[in-house]
1. Please give the number of the condition ALA160 fails out of (1) farther than 30 Å from TYR22 by Cα; (2) buried (at least 17 other Cβ atoms within 10 Å of the Cβ).
2. From HIS50, HIS91, which residue is modelled with pLDDT of 95 or more and within 30 Å of GLN149 (Cα to Cα)?
3. Can you tell me which residues in region 106-154 are under 19 Å from PHE74 (Cβ atoms), of a type in the set (Ser, Thr, Tyr) and in contact with a strand residue (DSSP E or B) (Cβ under 7 Å, 6 or more places away or on another chain)?
4. Being assigned to a loop (DSSP other than H, G, I, E, B) and either surrounded by 19 or more Cβ atoms within 10 Å (Cβ to Cβ) or without any contact (Cβ under 8 Å) to a residue 12 or more places away in the chain (or both) narrows it down to one of LEU102, LEU121, LEU146, so name that one.
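The values are calculated or read from the model by the stated rules, or taken from the named source; none is laboratory data. Since the structure is predicted, the reported quantities are computational estimates derived from the model, not experimental observations. Cβ: placed from backbone, ideal geometry, glycine included. Neighbour counts: every protein chain shown.
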Amino acid sequence: MECACTKQKSDLSLLAPVLAEYASVRGSLITILQKAQEIYGWLPVDVIYHIAEQTGTTPARVLGVATFYTQFRFQPVGKYLIMLCDGTACHVNGSAAIAAALREYLHVENGGTTADGLFSLSIVACLGCCSLSPVMMVNEDTYGSLTPQSALAIMKDIQAKEAAQA
């Protein structure tokens, strides 16, 4: 039985300019993966195979690099990706309580996406912002010195903004 994820057909032409610029540049695999994720929102299987083919490496190597870094995603995510840090500083300063509040409020577990497709929650090992702990990123925006209440207020603000645009 074949996995449905391998039947994914991405528009690989979108990646052509990136590969034209970086495919032959030694040490550029992470950059290619980052740009691919910017284009598709995640790293579909066919994109991983295409990158391997175009860079002259194996799919296993591309996947090995991609799975090493928490920044890469292998499933589609919501419009807003919440990355909550659970590194040492964040954990000591209460990230577990924030995670619990987010899971309860959004009705989603770590790695999941809300039923409306608006939010995806990802608890990560480190965001590199220890001085702001506890910290989370929502897409490209960083929020620090969080409490469960302030994290939920951020979610409510985003939901209100989305409702106003609808």
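1. Here ALA160 meets the rest and fails (2).
2. HIS91
3. THR113, SER120, SER122
4. Just one listed residue meets the conditions, LEU146.
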